[in-house]
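Heads up: the structure comes next, in structure tokens.
The values are calculated or read from the model by the stated rules, or taken from the named source; none is laboratory data. This one's a predicted model, so the numbers in the text were calculated from it and none came from an experiment. Cβ placement follows ideal geometry from the backbone for every residue including glycine, while neighbour counts extend to all protein chains displayed.
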Amino acid sequence: MDSLPLLSITIFLPLLGALVILLNWGNKERSLAINARWVALWTSLVTFVLALILWWHFNPISGEFQFEEKLQWMPLLDISYHVGLDGISLPLFLLSALLILLAVLVSWSSIQTKVPEYMMAFLVLETFLLGMFSALDFILFYVFFEGVLLPMFLIIGIWGGPDRIYAAMKFFLYTLLGSVLSLLAIIYIYFEVGSSDIPTALITSFDPQIQTWLWLAFFASFAVKIPMWPFHTWLPDAHVEAPTAGSVVLAGILLKMGGYGFIRFSIPMFPEASSYFTPLIFTLSIIAIIYMSLVALAQQDMKKLIAYASVAHMGFVTLGIFTVDSQGMEGAIMQMVSHGLVSAALFICVGVVYDRLHSREIAAYGGLVHTMPRYATFFMFFILASIGLPGTSGFVGEFLVLLGTFQVNSLATVLASTGMVLGAAYALWLYRRVMFGPLVKPSLKSLSDLNWREDLVFAPLAVSVLVLGLYPLPILTMAEASVVKVIDQFNLALEGGGEELVDTEKTLEIALVKRGF
Amino acid sequence: MTSFYWPDFTLILPEMILVFSALLILMEGAFLKQVSFRHSVHCGTLALGLSLGLCLFQFETGQTWVTFEGQIKQDDFIFFAKILVLAGATATLSMSLPSMIKENLSRVEYPPLVLFATLGMLLMVEANDFLILFIGLEMQGLSLYVLAALHREHLRVSEAALKYFILGAFATGLFLYGISLIYGFSGATNFEVIASVIRTESINALPLGLFVGLVFVMAALAFKVSAVPFHMWTPDVYEGCPTPITAFIGGVPKVAAMVVFLRLLLSPFILLYGEWYSLIIFLSMASMVVGAFAALRQTNLKRLLGYSAIGQMGYVLMGVAAGNSEGAQAVFVYLTLYLVMFIGTFACLLSLKGKTPEGVQDIEDLKGIATLHPKLSFILAVFMFSLAGIPPLGGFFAKLYVFKAAIAAELFWLAIVGVLTSVVAAYYYLKIVKAMYFDDLPETPAPSHGQLLVLSAEITVVLNICAAIILLFFMFPNVVLEMAQRAAFALRI
């Protein structure tokens, strides 16, 4: 373990796969496509297995970064290649590895043009995502964070729907605008801290007045990424126009980059600013939950409906994060993982019928349950998970978030709960319109049920949603220690503000007692 | 009076190689009955490459030499600049051959002109005296005007060349006027003497004329680097000149002028930082904004690249505005990477046939070529993303260092304007990627649409080297960073 840089191998293996495809360029078109698919499948599969091995070796008791690797990158500027995982990043790391694997499978036969480029884009994307979640150096983090835009832009723009160019441009420029401001904040922090090391920056305390600016700069980046209402307008376009696998990765992982950023940076580094802005975040989250659910209710396009639902679900995540309560934050992490699985599954569900009928209009369907029973079962299951039915992972996340919020703000809890009801409304109504009713449309009569490859994609998603719903401890214990560390640090900074000498030991003890240790 | 001594000619060996080979090529052209254009271009490239090798050999000695009665200086800063200039000139001259022949521009005077222009730029960067600087500036300027007008029977080309000449001559006038003011109020043209004059007097006691002279010199140099509001000639010249010549005019001379800008401000005039930095901030901001917004609606590719160059120079000026060694370092990294991206982009354009004999002109000419030439489009897309400053490509790091220098100097607003305009500018770089990858081939394409020119080995080599530098910069940033640090160290700020 100590000798092998397992984490770096996991991060850069997909890039190697992309390189293999690149070097194969120039062969015959057909064999090239088949080659690219298999290379991508094997690379992402091995990467996923490596990620699981990392999980196996992960020690959940410690809140520290694990599998740390530090190499000199730009020694002149004190910028290093520093990676590591803790309980906050590992769940998302695993999620990324899983979803890219599924994305490759999903696009197996539905993508027929420029296949090598497509597979390369996904593999490069995987490296960026894994690197982003494990980067422990600000510059490295930013490189991966913004680098994600490149493959995603191409995926939407080349293989997307009819309005793909507009969507790709909007996606790229909107998110770029958000992230460049955080670049300036990062550089400022670099000068304050003296290096771009994230663990060092996390324990540095910043002047409260500066914190406000830095917090806002990071907010610009993460609020667009997650996205919070009213910065979400790029999302419906991008999700709708992206190919199925693109939507899967967008909804499944890219949205989590924002949530991850809030937990990793905003809360521990800028505690004063975070608590100052909590009312703002709460308000925006509540608006997102209620308003976006209502908007989802009015959609005619299946993908758009799921896209708006995603914004609403992300409202729960931001709500949970900014309670800065262990239940709320663990709930937020759980909700991110759960939404990653469920929304990915729902987008694949849409992709399945889109591949067959090439329409995403809800009105074009109806009565599918008669011809596609296996599909109907899976779709039903994921719809229920999206609503947050007890026994699915969606329930655990939303319930914990509400529990955490209730300790901070009961009004917000009440309002957020209405979002769950609305969620049931739009999800079940969607299901009713697509699946139930008489099978009258002639074009639907000949639709075939899921093939073995599609079953293969749905099975791991369904199993993990169900297992995490019944037994969420793997994720919760994984995150526990790191979340507690963040919360303690946050409380410490707020209580210990001013000139008072803080008795660190004692506060920690109190915090632990409070948590029932 | 000092007694006469023999100047150290070994220090100007690269320049002498250029002079003699340029003269030889000219002689050949004048006296030999049959001289192939190919042969003279190859000779010119060889001469440039040879002097590049010499400069690389001299770099990193950490020493400073002053020769020719204190008129010429050589240190790591200057060697780095000379390496950039010579590398850029070698690359552009070597890759221009096929399209020069195709556009009927195979005149023997072309390679000597490039050599003389390069020689002028070398003189500019190594000058330790305003007079030598002026001679260098004029030498490169006049050669470039002739180069721009090489296609003299072509109306648009003549227009571009005339604009270039008139505005350039205007800048020269400003420059001379500035020098004469500086000379009048400090009593010297030598940089070191001027620096010591400024050092001995307190800033308030310095005569106003010196500042006025400095502003004139800065305005003239702003012309040369095409900073707003002295940028008017750039889009016209970029569009009007034949593409291989644009590749030369647009890249290397700007690097040379920017290095001179940096050296002047940071070496003799650093004590006046409080006086000049606000001017540079203005030039930088205005260039970034104009470069970003004016290019949005361009459909002509070369014109768009002209505006892009204006914007990019704004970022370089941000490093100058920082006024510290960090800024100087950032400027060098930026210039290096910019030159690579610029030459790489033009290498891509030069390898394609366009609608007309002039080659690729409009963004439309690139429509859907990704299906025809995946590798070439990939490389061009890499350059576009890099120019837009998207990580992990080299262009991002160039911007990162510049922003870092600006924030270290507490120029927050400049940095904020910089990042915001970089988002605006990203749009038009993306437009080119969009044309190649997202658009389909036109229904009734021109017969030569998306067809490759007969590629010479040189273009392929240049293209691959440039792409490799930009793609792999993130793996080996230290090579360039350390060189830039040595160069900045030689300034002794």
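What to note about this one:
- Residues satisfying the stated conditions in the range A:403-431, i.e. in contact (Cβ under 8 Å) with a residue 60 or more places away in the chain and more than 16 Å from A:Ala307 (Cα to Cα): A:Leu403, A:Gly404, A:Thr405, A:Gln407, A:Val408, A:Asn409, A:Ala412, A:Leu415, A:Ala416, A:Thr418
- Residues (of a type in the set (Asp, Glu) and either within 13 Å of A:Gly259 (Cα to Cα) or in contact with a Leu (Cβ under 6 Å, 6 or more places away or on another chain) (or both)) located in the range A:289-323: none
- Residue that is nearest to the chain's Cα centre (by Cα) [pool: residues in the range A:66-88 that are more than 14 Å from chain B (Cβ to nearest Cβ), under 11 Å from A:Ala135 (Cα atoms) and surrounded by fewer than 20 Cβ atoms within 10 Å (Cβ to Cβ)]: A:Gly84
- Any hit, the range B:214-225, residues being touching a strand residue (DSSP E or B) at 6+ places or on another chain (Cβ under 9 Å) and part of a helix (DSSP H, G or I): no
- Filtering the range B:368-376 for residues that are outside any helix (DSSP H, G or I) and within 12 Å of chain A (Cβ to nearest Cβ) leaves a non-empty set.
- Residue match in the range B:12-23 (condition: buried (at least 18 other Cβ atoms within 10 Å of the Cβ), part of a helix (DSSP H, G or I) and acidic (Asp, Glu)): yes
- Residue count for the range B:415-426 under the criterion of being surrounded by fewer than 24 Cβ atoms within 10 Å (Cβ to Cβ), more than 8 Å from every other protein chain (Cβ to nearest Cβ) and among the hydrophobic types (A, V, I, L, M, F, W, C): the result is 2.
- Qualifying residue in the range B:324-332 (condition: touching a strand residue (DSSP E or B) at 6+ places or on another chain (Cβ under 8 Å), within 14 Å of another protein chain (Cβ to nearest Cβ) and assigned to a helix (DSSP H, G or I)): no
- The range A:188-206, subset away from chain B (no Cβ under 14 Å) and farther than 14 Å from A:Ala493 by Cβ, residue surrounded by the fewest Cβ atoms within 10 Å (Cβ to Cβ): A:Pro199
- Residue within the range A:281-298 that is closer than 21 Å to A:Ala424 by Cβ and outside any helix (DSSP H, G or I) present: yes
- Pairs with Cβ under 9 Å, 6+ apart, first in the range A:101-114 and away from chain B (no Cβ under 14 Å) and touching a residue at least 24 places away in the same chain (Cβ under 8 Å), second in a loop (DSSP other than H, G, I, E, B) and surrounded by 20 or more Cβ atoms within 10 Å (Cβ to Cβ): A:Val106/A:Pro243; A:Ser107/A:Pro243; A:Ser110/A:Pro243; A:Ile111/A:Pro243
- Just so you know, in the range A:115-126 the residues that are within 10 Å of chain B (Cβ to nearest Cβ) and of a type outside the set (A, V, I, L, M) include one that is nearest to A:Leu184 (Cα to Cα), and it is A:Glu117.
- Taking the range B:80-116 as the range and being farther than 21 Å from B:Met341 by Cα and modelled with pLDDT of 90 or more as the test, the residues that pass are B:Tyr110, B:Pro111, B:Pro112, B:Leu113, B:Leu115, B:Phe116.
- Residue among A:Leu184, A:Leu235, A:Leu250, A:Leu254 that alone is in a helix (DSSP H, G or I) and within 14 Å of another protein chain (Cβ to nearest Cβ): A:Leu184
- Residue list for the range B:35-80, filter: basic (Lys, Arg) and assigned to a helix (DSSP H, G or I): B:Arg38
The rows are residues; the columns are (1) in a helix (DSSP H, G or I); (2) touching a strand residue (DSSP E or B) at 6+ places or on another chain (Cβ under 6 Å); (3) among the small types (Gly, Ala, Ser); (4) in contact (Cβ under 8 Å) with a residue 24 or more places away in the chain.
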position	(1), (2), (3), (4)
A:Leu150	yes, no, no, yes
A:Ile155	yes, no, no, yes
A:Ile165	yes, no, no, no
A:Met169	yes, no, no, no
A:Phe172	yes, no, no, no
A:Gly178	yes, no, yes, yes
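- Within the range A:350-377, tally of residues that are without any contact (Cβ under 8 Å) to a residue 60 or more places away in the chain and either surrounded by 15 or more Cβ atoms within 10 Å (Cβ to Cβ) or not in a loop (DSSP other than H, G, I, E, B) (or both): 2
- From A:Val434, A:Val463, residue being in contact (Cβ under 8 Å) with a residue 40 or more places away in the chain and aliphatic (A, V, I, L, M): A:Val434
- From A:Ala121, A:Ala97, residue being part of a helix (DSSP H, G or I) and over 15 Å from A:Val337 (Cβ atoms): A:Ala121
Listed here are the residues, each with its yes/no results for (1) modelled with pLDDT of 90 or more; (2) of a type in the set (A, V, I, L, M).
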| site | (1), (2) |
| --- | --- |
| A:Ala364 | no, yes |
| A:Thr371 | no, no |
| A:Phe381 | yes, no |
| A:Ser386 | yes, no |
| A:Phe395 | yes, no |
| A:Gly419 | no, no |
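- Of the residues making up the range A:143-174, those that are within 30 Å of A:Asp78 (Cβ to Cβ) and more than 7 Å from chain B (Cβ to nearest Cβ) are A:Phe144, A:Phe145, A:Val148, A:Pro151.
- Checking each residue of the range B:441-455 against the condition of being among the acidic types (Asp, Glu), within 12 Å of chain A (Cβ to nearest Cβ) and outside any helix (DSSP H, G or I) gives no match.
- Some residue of the range A:222-244 being among the acidic types (Asp, Glu) and within 22 Å of A:Ala312 (Cα to Cα): yes
- Failed item, numbered, when A:Ile139 is tested on (1) facing chain B (nearest Cβ under 10 Å); (2) free of Cβ contacts under 8 Å to residues at least 40 places away in the same chain: (2)
- Any hit, the range B:388-403, residues being over 22 Å from B:Phe332 (Cβ atoms), surrounded by 23 or more Cβ atoms within 10 Å (Cβ to Cβ) and more than 8 Å from every other protein chain (Cβ to nearest Cβ): no
- Of the listed requirements (1) within 30 Å of B:Phe57 (Cα to Cα); (2) assigned to a helix (DSSP H, G or I); (3) within 11 Å of chain A (Cβ to nearest Cβ), B:Ile470 misses just one: (3).
- A:Ser44 vs. criteria polar (S, T, N, Q), in contact with a Phe, Trp or Tyr (Cβ under 6 Å, 6 or more places away or on another chain) and touching a residue at least 40 places away in the same chain (Cβ under 8 Å): no
- Of all residues in the range A:263-290, those that are free of Cβ contacts under 8 Å to residues at least 60 places away in the same chain have Cβ atoms under 7 Å from Cβ atoms of residues that are among the polar types (S, T, N, Q), 6 or more apart or on another chain, in A:Ser266/A:Ser274; A:Ile281/A:Thr318.
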